[in-house]
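Worksheet: the structure to be examined is printed underneath.
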Amino acid sequence: MTYREVTLPVSEAQADLLSDALMELGALSVSVEDRFGDTAQEQALYGEPGMPPPKGAWAQSLLRVLFADEAQADAALAALLAEDILPDLQEVQQSTVEDQDWVRLTQSQFQPVSIADALWIVPSWHEPPEVAAPIIRLDPGLAFGTGTHPTTRLCLEWLARQTPSQLSVLDYGCGSGILAIAAAKFGAGPVVGVDIDPDAVLATEANAAANDVTVQAGLPDKVADAQFDIVVANILSAPLKLLAPAIAAHVKPGGWLVLSGILDRQAKELIDTYAPYCALHIDKTLDGWVCLAGRAHP
């Protein structure tokens, strides 16, 4: 079996942002290397044993990204270009690589994650911690959303603060179902997740069942004209703008709308786009990403 490897030269400032975005767009793994490794220009970064790793990264890095196939690699790069996260493809290279123990490599990247001490995301290959907070057992798979990406974390933190007990919740663009499952763990109900990708619908159903919560999952037409106390949409800014009337229509008057997948520089445009429906504000930012939240107009 073969995979598709993409290499992207990036600056130190771009490395984390592009790594996060590529994982959200379906990359199997992303590694950051010195662009000039094994040359006279190599920049060594060393840390003392038992001490935290050194801060910062290489001034010029190389992202080595693995995808399941060429089509997924091309789709991810196209999405980065459309969102202006990637300026061009001038130095981007693709190649075919042979199979390795990708399961072990992928598992090593995903450790238990704590969300504001109010929720834990724990892969199945780890023992859950002995904590009072709710625990979601979730493995990386075909659909996006493992709790590690800043946009997912921002939405989870918002849900943790709101503790939406007895409130209806719609996860629009549910991916793995992590936001819908978290809402259900916090006592929300009914909880619905919709996505245009049938694999995401299946993933949400399977993950909800594995976590002993009830989430109704389906394609967007499943919700028709239904309205909810809380609507969460963690997708990229372009579809958020395009779908603004449809997403906002699912929020009850006075209900909450929470949006993420938005870069800092895109926040004002999204706030303005949704102004006819909802008074959004910047709730929190993390690593260059923004979570917007606000109540729908009465």
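The values are calculated or read from the model by the stated rules, or taken from the named source; none is laboratory data. Since this is a predicted model, take the numbers as computed values, not measurements. With ideal geometry, Cβ positions are generated from the backbone for all residues, glycine too; neighbour counts draw on all protein chains shown. We work out accessible area using only protein heavy atoms, side chains counted, and drop any ligands, DNA or RNA first. Shrake-Rupley method; radii C 1.70, N 1.55, O 1.52, S 1.80 Å.
Key figures for this structure:
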| item | result |
| --- | --- |
| Selected residue (criterion: modelled with the highest pLDDT) from residues of the range 85-119 that are open to solvent by less than 60 Å² (accessible area, probe 1.4 Å) and under 17 Å from residue 137 (Cβ atoms) | 119 |
| Extreme residue, farthest from residue 223 (Cα to Cα), among residues of the range 241-258 that are of a type outside the set (D, E, K, R) and touching a helix residue (DSSP H, G or I) at 6+ places or on another chain (Cβ under 6 Å) | 258 |
| Qualifying residue in the range 171-181 (condition: at pLDDT 85 or above and touching a Cys at 6+ places or on another chain (Cβ under 8 Å)) | yes |
| Residue match in the range 52-61 (condition: at pLDDT 75 or above, in the same structural domain as residue 6 (by the TED database) and surrounded by 14 or more Cβ atoms within 10 Å (Cβ to Cβ)) | yes |
| Residues of the range 62-80 satisfying the condition of being under 24 Å from residue 237 (Cα atoms) and either part of a loop (DSSP other than H, G, I, E, B) or over 18 Å from the mean Cα position of the chain (by Cα) (or both) | 63, 71, 74 |
| Residue match in the range 260-269 (condition: over 20 Å from residue 121 (Cα atoms), in the same structural domain as residue 154 (by the TED database) and among the small types (Gly, Ala, Ser)) | yes |
| Residues (touching a Lys or Arg at 6+ places or on another chain (Cβ under 6 Å) and closer than 22 Å to residue 81 by Cβ) located in the range 222-275 | 273 |
| Residue tally, condition over 21 Å from residue 283 (Cβ atoms) and modelled with pLDDT of 75 or more, over the range 137-155 | 2 |
| Which numbered condition residue 265 fails, given (1) modelled with pLDDT of 95 or more; (2) open to solvent by 50 Å² or more (accessible area, probe 1.4 Å) | (1) |
